[in-house]
1. Out of all the residues in region 61-72, is one or more among the β-branched types (Val, Ile, Thr) and assigned to a helix (DSSP H, G or I)?
2. Could you please find all residues in region 1-18 being acidic (Asp, Glu) and open to solvent by less than 40 Å² (accessible area, probe 1.4 Å)?
3. When the residues of region 1-35 are narrowed to those that are under 10 Å from the mean Cα position of the chain (by Cα) and without any contact (Cβ under 8 Å) to a residue 60 or more places away in the chain, which ends up farthest from residue 74 (Cα to Cα)?
4. Would you be able to tell me the number of residues in region 19-56 that are in a helix (DSSP H, G or I) and surrounded by 14 or more Cβ atoms within 10 Å (Cβ to Cβ)?
5. Can you report the number of residues in region 59-81 which are free of Cβ contacts under 8 Å to residues at least 24 places away in the same chain and either exposed (fewer than 13 other Cβ atoms within 10 Å of the Cβ) or touching a strand residue (DSSP E or B) at 6+ places or on another chain (Cβ under 7 Å) (or both)?
6. Is there a residue being open to solvent by 60 Å² or more (accessible area, probe 1.4 Å), of a type in the set (A, V, I, L, M, F, W, C), in a helix (DSSP H, G or I) and within 16 Å of residue 37 (Cβ to Cβ) anywhere in region 82-97?
Amino acid sequence: PLMALAEAAAESFGLFASLSIDRGKFRRLLSAAGDCYTPTLYHNQRHAADVLHAACWMLSEGGVAGDIPPQELLALLIAAAFHDAGHPGVNAAFLHAAGH
């Protein structure tokens, strides 16, 4: 769901055309994002897709997507997709107690 949602978002914001983005490279990047997620109960690919969807909804429904340069929109989509990549699925208190 993460790659499909990101591609649909990029298309809806016109990023492929305005930035001349190669769809194959974009798909490989988002596939790599998905591969970085661990199979935890919360911080997984589904959570990344949820955050990406929420960001797109806020941009669209908030009416600000048209005010943001395409490069920044792309950066936002990529950041949302990768925001918890590699997250171990535990909180900071647990990591501290475990001596991580």
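1. No, region 61-72 contains no residue that is among the β-branched types (Val, Ile, Thr) and assigned to a helix (DSSP H, G or I).
2. 7
3. My answer is 34.
4. Within region 19-56, residues that are in a helix (DSSP H, G or I) and surrounded by 14 or more Cβ atoms within 10 Å (Cβ to Cβ) number 16.
5. 10
6. yes
Matching residues to (1) under 10 Å from residue 2 (Cα atoms); (2) of a type in the set (Gly, Ala, Ser):
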position: 34; (1), (2): yes, yes
position: 52; (1), (2): yes, no
position: 56; (1), (2): no, no
position: 60; (1), (2): no, yes
position: 65; (1), (2): no, yes
position: 72; (1), (2): no, no
position: 76; (1), (2): no, no
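The values are calculated or read from the model by the stated rules, or taken from the named source; none is laboratory data. Quick caveat, the model's predicted, so the values are computed rather than measured. For neighbour counting, all protein chains shown are included, and Cβ atoms are generated from backbone atoms with ideal geometry for every residue, glycine included. All accessible areas refer to the heavy atoms of the entire protein, side chains included, with ligands and DNA or RNA removed. Shrake-Rupley method; radii C 1.70, N 1.55, O 1.52, S 1.80 Å.
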